[in-house]
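Down below is the structure, laid out as structure tokens.
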Amino acid sequence: MRSSTHINRSAIFCALLIFLSVFAGSAVNAQEIGLGVMAGQELEEEILDSETAAETKSDEEDLWVQEASDLGIPIVSYYRMKGVEKGFYPVITVLESSGGVSKLYKRLNRNGVDVISFIHPEDEKLYLCNSRFDSGEEALLAARKVVEKGKNTIIELLVVENEPIDPAEPFTLQTESPTSPASSVLENKTDFSEAKAAPNAIIKKADQYFEKMWYADAAELYELGLERNPEISSPEIIERVADAHYFNSDMERANFWYEKLYEAADEELSAEYLFKYSQSLKGLGKYGRARRILKLYDKKVEGTPLGRYRQQEVLERETTLDNILDADEMFAVKNLQINSEYSDFAPTFYEEDKIVYASSLDSAFFATRRYKWNEQPYLDLYVAKMNEESDELNSAVKFSKSINTKYHEAAVAFSPDHNTMYFTRNNFGKKLRRDNQGVNHLKLYRSQKVNGEWTEAEELPFNGEDYSTGHPAVSPYGKQLYFVSDRPGSMGETDIFTVDIYEDGTYSIPKNLGTQINTEQKEMFPFFTGTKLYFSSDGHTGLGGLDVFQAEFDEEEGFRDIINMGKPINSGKDDFSFIVSEETQKGYFASNRDGGKGDDDLYSFERLFPEEVNENAIAGVITDKITGDRLPDAMVELLDENNIKLKEVVSDVDGGFVFEDLDSHTKYHLRIKKDTFADKDQFLETEENNLVYTDVTMSKLEELVTIEDGIKKLKTEMIYFDFDKDTVREDAALELDKLVAVMQEYPSMVIKIASHTDSRGPKEYNLNLSDRRAKSTRDYLISQGIDRDRIESAEGFGESQLLNECDGSVRCAGDQHQRNRRSEFIIVNM
């Protein structure tokens, strides 16, 4: 039976940061393993380290009780079962009736399992057991053998104590605590009130499992205890049974119990449970009811910081949900053949034609490797080949022995050259490590490929012992690492963070992506294309559970315009670990939606209608004007017609730069700056959905000093003025800024300014105009920080030093006259 585990994809990340986190089913709910689940792995550590029992127990009886605990096998004891011999019975299964039992017997016998059966006197169900044994040690040994065959499990160890007592007394049930030897001592119960206590023992055991985050087991026991004795029901128990199903992604049962909690609370339910109730309703497709409950949630948090934040979203949320439900489906989605009956999720592109993903397939055959959060096996990384035509994944094999361990590995990301990998793993040394609450958190690890082999993984420095870190994603150029964490400073249950990756292999301080992306709930599984961030969230408006969202990235504004990817990418269940090739508009994701093969399944998708791509861009290469060498690390600014900076980039190692996603037929201004070089400005206009290319040459500041006719001058482009004006034009200011840079580079430099006019107008007037222009130029330099004493003079020469024959005796065009309207800079002292 397939359970839709919601391993609290924040819990497992909370364990696997849902990196392991998204196993939405009985398997290691990927999302659970997300951030919280890992916490539930406390017992798995002992399961995998056989010395634990010997360290904690001394006598022989205690050892087998502890070992049963390690294996996750509950011990159930009865005082009297009519017709059942005293002893120890490993229970394989419990049937409602005897129909089909003969076939089951034959199958078990073929598998080498000896079977006996009996009718339970209390619930009248048929119990099939692996024989009867005289001691717990023998029964446990047999149970191990059954489990190791890989085709059967042991659901409990039944201890029958049929001691001679008064036949009038009712038999009683006591569910033992495997970790408490004292509770295994059987006491003779003599009154009916004690018989009624049996369900309380079950609830107590369920509480223990809940605290360990073993939600699948806890949910089953809560249901059993409440079924046997509804009178013990209380708001606290209902909260826990509902939460156990919610964290295991079983929204149907979670909704059943949240509904009861809501009815009992008479609409006074806490904000936390109103939110969970609404999520369970969405998971069942009951969006109208979910909206009404969310309105109560908004009212509940009104006046709080969270409420003030959410008030801004309330109206948008209603419209957004309507738009999601009414939108046309833009993708074709297909369940992959490679999926197992367990959890398969967190796909990642690898090399040219491969996908690396997480699966619990192999470890599913070993009961000692089951993760108690949802009774699913531990995760390993697998690599498979992509079929270009069908998008199926073929020939899957385990990724690397040096990476996969006996615990969880999942959610992996690679550097652009595929020689560095980042992945999520349980925090462990020789054993699992836990914080002071007993929680085993997740950590990020890095491994390098050397000579074709992956090296031993090392922890990243921003991990912590008291919080989880996982779900890595690397930016296209390998400069940033995105990840998920519940570290201090998180805004919600799990947030998305980023760090810069430096060339020396170190990292910046983690930075939270902020309220535009992160909510008070869960965000996880980031994937960044360079222009878009894809992630999963149950805090933004969606269809229920985790939904996949897209956020546009802008160099100046950061992430913006968050969009729900809609159906069929999203469903009422958990949808997560979305990756896409922007070139082919194909990709993969995982989901625990109905109709899958396992708990979390991998799906391929293809966009039905090609996304409109904006090809408008400006690109270029920056070189040294004299040597022709390419210039890296130059700052390139993109400005609009009003000189307002829109974007900026740094030229790459080859001197290249590019600005993408620009408007068509729009004028832009490029300003290029680099130390020891004069600033350069270029003006360009985009075309219609096309790339505009430009070459940029830059001159060193020292090369701006030249000698003309024996006079040392500063070589700049002409400083032009408008006709009959003395104000510094915008283009002139750009050239004067270069002069400022040279004078700052040479602090002892002293200059003279000479200004000239054309021949139009009276000579006396032109002489006066040129003098005003010279002083206007001087004033601009002083305004930019040049000391007045470094400008020896600023003098006008009118039309006495023309550069061409335009002296009024011949007809000249406007641009010919403009050549004569200029300023020159003579170096007096260097």
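The values are calculated or read from the model by the stated rules, or taken from the named source; none is laboratory data. All values reported here derive from a predicted model rather than from experimental measurement. FYI the Cβ positions are ideal-geometry reconstructions off the backbone, even for glycines, and counts take in every protein chain you see. For the accessible areas, the whole protein counts, side chains as well, though only heavy atoms, and no ligand, DNA or RNA atoms are used. Shrake-Rupley method; radii C 1.70, N 1.55, O 1.52, S 1.80 Å.
Overall shape: oblate for region 620-723, with the ratio a/c of the largest to smallest alpha carbon gyration tensor axis at 1.5 or above and b/c at least equal to a/b. Here's how it looks for Asn248: its modeled amide H is under 5 Å from those of His6, Asn8, which are all 5 or more places away or on a different chain. Between Val705 and Lys715, the built amide H atoms are under 5 Å apart, and every one of these is 5 or more places off in sequence or on another chain. For Gly798, the residues 5 or more places off, or on other chains, whose built amide H falls under 5 Å of its own are Thr757, Ser770, Asp771.
Among the listed pairs Lys449/Lys586; Lys299/Lys511; Lys647/Lys667, a Cα-Cα separation exceeding 23 Å is found for Lys449/Lys586; Lys299/Lys511.
Cross-link check: pairs Lys125/Lys205; Lys334/Lys354; Lys443/Lys522 evaluated at a Cα-Cα cut-off of 20 Å; pairs beyond the cut-off: Lys125/Lys205.
Computed 3J(HN,Hα) for region 672-681, one whole-Hz value per residue from the Karplus formula 6.51 cos²θ - 1.76 cosθ + 1.60 where θ = phi - 60°, is 10, 10, 7, 4, 6, 10, 6, 4, 10, 10, glycine and proline marked x. Principal axis extents of the C-alpha atoms in region 584-623 (largest first, rounded to whole Å): 57, 25, 12. On the beta carbon distance between Ser699 and Asp787, with R0 = 35 Å, the FRET formula returns roughly 0.90. Restricting the trypsin sites (Lys or Arg not before Pro) of region 482-582 to loop positions (DSSP other than H, G, I, E, B) with no more than 16 neighbouring Cβ atoms within 10 Å leaves nothing. Heavy-atom accessible area for Val696, with the other protein chains in place and a 1.4 Å probe, reaches approximately 0 Å². The phi-based Karplus calculation (6.51 cos²θ - 1.76 cosθ + 1.60; θ = phi - 60°) puts the 3J(HN,Hα) values of region 784-790 at 8, x, 7, 4, 4, 5, 8 Hz, whole numbers, x for Gly and Pro. When the GluC sites (Glu not before Pro) in region 596-659 are filtered for DSSP coil states and for at most 12 other beta-carbon atoms within 10 Å of their beta-carbon, the remaining sites are Glu611, Glu612, Glu641.
In this calculation the C-beta distance from Glu503 to Val658 is compared with R0 = 22 Å, giving a FRET efficiency of 0.55.
For region 348-360, 3J(HN,Hα) computed residue by residue from phi via the Karplus equation (6.51, -1.76, 1.60; θ = phi - 60°) reads 9, 5, 9, 6, 7, 9, 10, 10, 9, 9, 9, 8, 9 Hz, glycine and proline entered as x. For region 482-544, the solvent-accessible area works out to 33 Å² per residue, with a probe of 1.4 Å and every protein chain left in place.
Packing, as the average of other Cβ atoms within 10 Å across residues, places the peptides 542-554, 379-391, 662-674 in the order 542-554, 379-391, 662-674, highest first.
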